[in-house]
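Participant: Quick one: the structure is below, and I'll ask about it shortly.
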Amino acid sequence: MQALRLGLLLALLPVVEPRAAWPSVSCSQGLSCQLLEADVLCSPGTQVQPRGPVLVPTQLQTEPELRCRHGRACSACLRVDLHLTVLGPQEVAADGTRDTPGAAPLHPRDGGALRGWLVLSAQSPSSSRCAAIEVQLHRAVTHPGRTVGSLRFHCFEAPLQAEVLVMSYTQPLYHEVLNKTHHIPSCSWLAAQDAMQLCQVPRLQVSPRPTEAVVQLQVEVPVAVPAWLNYTLWVYRNQTQGCTNLGNRTTLSAPQNYSLPEAHMLPCVCLQVWPEIPDPPRTILCPFSNDTAAWARLWAQTQLKLRVNKGTLSYKISAPCDISAELMPCWRPDPAGPCTALPQLRQATLPGLQELDTLQPHPNLCIQVRSEGQVRLTQCLQEGTLPARPADLLLVETADPQGSATLCAVERGTCVPLTSSTSMGAADPGLLEQHLRQDVQSGQCLQVWRVEGGAAGTGWACSLDKYVRSRWGLAWAGGLLCAAGALLLLLLNKEHLKGPLRGRRVLVLYAAAEQGAAAALGAELRARGAAAALEQWSRAELSARGALAWLHAERRRALRDGGAVLLLLSPGAAERCAGWLRGAAPPPDPDPDPDPLDVFAAALNAVLPDFAAGRAGGGRYLVACVAGLRPARLPPLLRAAPAFALPAQLPALLRALAAPRPQ
C-alpha cells in the first residue's frame with residue numbers, strides 16, 4: 001500500500017508555486033481525508049478494473065464563496081462537494097456500468113480502513129488547478145453501491161465572471177470522470193460587493209450650494225481599495241424617452257469631489273458611479289427628485305408655446321424633465337385681469353406638438369399648465385398671436401333634460417344665468433338675453449369650443465361692443481333721434497319732393513354708434529318707397545356671405561340701378577375714414593363676423609377706394625353728418641361727395657337722393 005501511494009505521488013508531479021494560504025479539505029463522519037497537493041499536473045488516464053472494493057465519487061456539486069486572508073482581503077473561489085460510494089469488483093459490467101446494488105457486504109483485504117485517492121481539477125480561461133486528496137473509510141464491513149459520506153474542498157480561486165470546468169475522478173481511474181461547468185458571478189453578487197476590493201462602489205454625498213452642488217465620492221468599506229482603481233461618474237437626465245448625457249463621463253478616484261452646476265440641479269438629474277472593471281456594480285442616485293428648489297428651477301426652465309395654423313390651435317411644452325401636469329383652458333378678456341378657468345375642458349399634457357381639437361382660436365383664450373393644484377405656466381393668444389377682444393362675453397350652451405338649449409355666461413369662476421350676468425351693465429337683462437340668443441342662432445357669435453355629448457357643451461364668444469357702446473349713447477341719441485324724426489316728418493309733410501324715390505336703391509353705411517339714427521333714416525326711406533339696405537336688417541345674408549362680399553354686392557346693385565351709397569358719419573366714424581385714407585392703419589382682414597364695427601371696417605374697404613380714385617361724384621355717393629359733425633370737418637377726399645348736416649339739411653338730402661343720376 002505504501003508503494004502504491006508513493007507511485008501515485010510521483011505520477012502527479014507536483015508543481016511548486018508560492019501561495020499565501022493552502023486550500024483545505026473536510027469529510028463527513030466516518031471518513032477522514034487529507035489534502036496531498038493543491039497544485040499538480042494531472043490526467044485521468046485509462047479506466048481500469050478494481051481488484052477489491054474502492055471509494056469513488058458519484059455526485060459533484062459546486063458553489064461560489066469568498067476566500068479571505070486576514071479577515072479583510074477577499075477573493076472569489078469555487079467550493080466543491082463530492083458524494084462518495086463504495087464500488088466492488090462484481091458491480092462493474094463489461095461495458096463499464098454497475099450492476100444492481102445489493103450484493104453481499106465487502107470486507108477490505110487488510111481488515112482495516114478502505115483508502116482511496118481522488119483528483120479534483122478546475123480549469124478556466126486564465127488558470128488550471130489540480131488537487132490530490134486521500135480519503136479513508138473507517139469501517140470493517142462496507143455495502144457496495146451505497147453512499148458512505150461526502151467530501152468538501154475549499155476551494156479553487158477564480159476571477160469574477162469566469163467560466164470554470166470542474167472534474168473529479170479516482171487515481172487510478174476506477175469510475176467515469178465527473179464534470180460540471182460553473183459560472184462565477186460578477187460584482188452583482190452581494191457577498192462580493194461587501195468584501196471584494198474590486199467590487200467596492202463609493203457612496204455619493206451631494207451637498208447643494210447657492211450656485212452649484214458638490215458631489216463627493218466616499219468609500220466606507222472594511223477593505224483596502226487598490227490605489228490603481230478608478231471610478232467613472234456619469235451625470236444624466238433620466239426621462240421617459242431615454243437618458244440624456246449632461247457633459248462627458250468623468251474619471252475619478254475616491255475620495256474626490258465633483259462640481260455640478262446649478263442648471264443641472266433638476267428633479268430628473270441622476271448620478272451613476274462604478275469601478276472601472278468588467279461588468280461593475282453601479283451606485284445610482286437621483287438627489288433632487290424631491291427637492292422643492294429643484295422643482296421650482298424645472299418650472300422656470302419650462303416653456304409653453306401656443307400656435308395657430310390654418311385655424312387650428314396647438315401647443316407644445318418644452319421642459320428639461322418629464323412633468324406630470326394638466327392643461328386648463330381659461331378665459332381672460334382683460335390682459336391685466338384674472339383668467340377664469342374652464343375646468344370642463346381640462347386635459348392631460350402630452351409631449352411634442354399637440355393639437356387642441358375641441359378649441360377654436362380666440363384672443364381671450366388662454367392655456368394654463370397646472371401641477372399639484374398650482375398654476376405653473378400661462379400663455380394667451382393675446383400675446384402676439386391675435387388682437388384682443390375685451391368686449392366679448394363667453395357663453396356656454398348646453399342642453400337641459402328636455403333637450404332645449406340653455407345659455408349661461410362665464411363670470412367669476414362659474415357660469416351664471418344671463419339675467420344675473422354683471423357684464424350686461426345697465427341694459428335690460430331680458431332684452432339683452434334675447435339679442436344674445438339671436439346672435440348665437442344667427443352665427444354672429446364665434447364658437448370657442450364644442451364637445452359632443454358632454455357637460456362642456458358649446459362655448460360662444462359674443463361681442464357686447466354694440467350693446468356697450470349704445471348704452472351711453474342711447475340716452476342722448478334717443479332724444480336726438482326723436483327730435484330729428486319729428487323734424488323729418490314735419491319737413492316731409494311740408495315739402496313736396498321733386499323726383500320720385502320709389503324703387504330708388506340706397507345703401508346706408510354707418511358705424512356701431514349710429515345704428516339708431518341709421519334705422520330711423522332707413523325706415524323713412526322705405527316709407528317713401530326707396531329700397532334701403534342696412535346691415536342690421538340683413539344679418540342672416542351677411543353671416544352667410546361675409547361682410548365684404550355682401551357690401552360689394554349691395555354697392556354694385558345700388559350704383560347699377562341708379563341708386564346711391566349714403567355714408568352716415570359721426571365725428572368718430574369720420575376720423576376712422578381719415579385714418580384709412582392716410583394709410584395710418586391698414587384695414588382689417590375681411591371677416592364674415594357680422595359685428596357692426598367689423599362691418600363698418602369692411603365698408604371702408606368697399607367704398608373708400610372710389611373716393612381715392614375720384615369716382616365718388618355725380619350723386620353716386622352722399623354723406624350725412626350726424627352727432628355734431630359739420631361737412632366742413634370731413635376729410636378732404638370725402639368732400640368730393642355732397643354732404644348734408646342732419647337734421648337741418650334733411651330735405652336737401654332727400655332731394656339729392658331723388659334726383660336723377662347722369663348716365
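Participant: Give me the one-decimal nm value for the distance between modelled label points at Ile277 and Ala553, 7 Å along each residue's Cα-to-Cβ direction.
Facilitator: For the pair Ile277/Ala553, the computed spacing is 8.8 nm.
Participant: Using heavy-atom solvent-accessible surface (probe 1.4 Å) with all chains present, what is the largest-first order of Arg450, Arg129, Arg332?
Facilitator: In descending accessible area the options line up as Arg450, Arg129, Arg332.
Participant: Excluding ligands and nucleic acids, what accessible area in Å² is computed for Ser43 using a 1.4 Å probe, to the nearest 10?
Facilitator: In the full protein context, Ser43 sits at about 80 Å².
Participant: Still on this structure, please answer the following. Can you pull out the chymotrypsin sites (Phe, Trp or Tyr not before Pro) in the stretch 148-242 whose DSSP state is coil and whose Cβ has at most 10 other Cβ atoms within 10 Å?
Facilitator: Here the chymotrypsin sites (Phe, Trp or Tyr not before Pro) that fit, given the DSSP loop and packing criteria, are Trp228.
Participant: Still on this structure: Give me the tail of P(r) for the stretch 203-314 as a percent: Cα-Cα pairs with distance above 26 Å.
Facilitator: 31
Participant: Which value, in debye to the nearest 20, describes the size of the charge dipole of the stretch 338-398 about its Cα centre when Lys and Arg Cβ atoms bear +1, Asp and Glu Cβ atoms bear -1, and nothing else is charged?
Facilitator: 180
Participant: Might you work out the accessible area of Thr58 for me, using a 1.4 Å probe with all protein chains in place, and round it to the nearest 10 Å²?
Facilitator: 50
Participant: List the residues of the stretch 359-380 whose backbone N lies under 17 Å from a point placed 7 Å from the Cα of Glu452 along the Cα-to-Cβ direction.
Facilitator: Output list for this probe position: 359-360.
Participant: Over the stretch 259-395, what number does the Rg to Rh ratio reach, with both radii from the alpha-carbon atoms and Rh per Kirkwood?
Facilitator: Radius of gyration over Kirkwood radius for the stretch 259-395 works out to 1.13.
Participant: Can you pull out the trypsin sites (Lys or Arg not before Pro) in the stretch 305-336 that DSSP calls coil and that have at most 11 other Cβ atoms within 10 Å?
Facilitator: Loop-located and lightly packed - Lys310.
Participant: In nm, to one decimal, how far is the modelled label at Gln239 from the one at Val375, with both set 7 Å along Cα→Cβ?
Facilitator: Placing both labels 7 Å along Cα→Cβ, they lie 2.7 nm apart.
Participant: Related question: Quick one: pull the percent of accessible area on the stretch 278-376 belonging to carbon and sulfur, 1.4 Å probe, ligands and nucleic acids left out.
Facilitator: Carbon and sulfur atoms account for 48 percent of the accessible area of the stretch 278-376.
Participant: For the stretch 310-403, which GluC sites (Glu not before Pro) are both in a DSSP coil and crowded by at most 13 other Cβ atoms within 10 Å?
Facilitator: Those satisfying the criteria are Glu372, Glu383.
Participant: Mind grabbing the accessible area of Arg539 for me, 1.4 Å probe, Å², rounded to tens?
Facilitator: Its heavy atoms expose roughly 40 Å² to the probe.
The values are calculated or read from the model by the stated rules, or taken from the named source; none is laboratory data. Bear in mind that the values here come from a model prediction, so they are computed numbers and not experimental data. Because the Cβ atoms are built from the backbone with ideal geometry, glycine has one as well, and the counts that use them run over all protein chains shown. Surface accessibility is based on the protein's heavy atoms, side chains included, excluding ligands, DNA and RNA. Shrake-Rupley method; radii C 1.70, N 1.55, O 1.52, S 1.80 Å.
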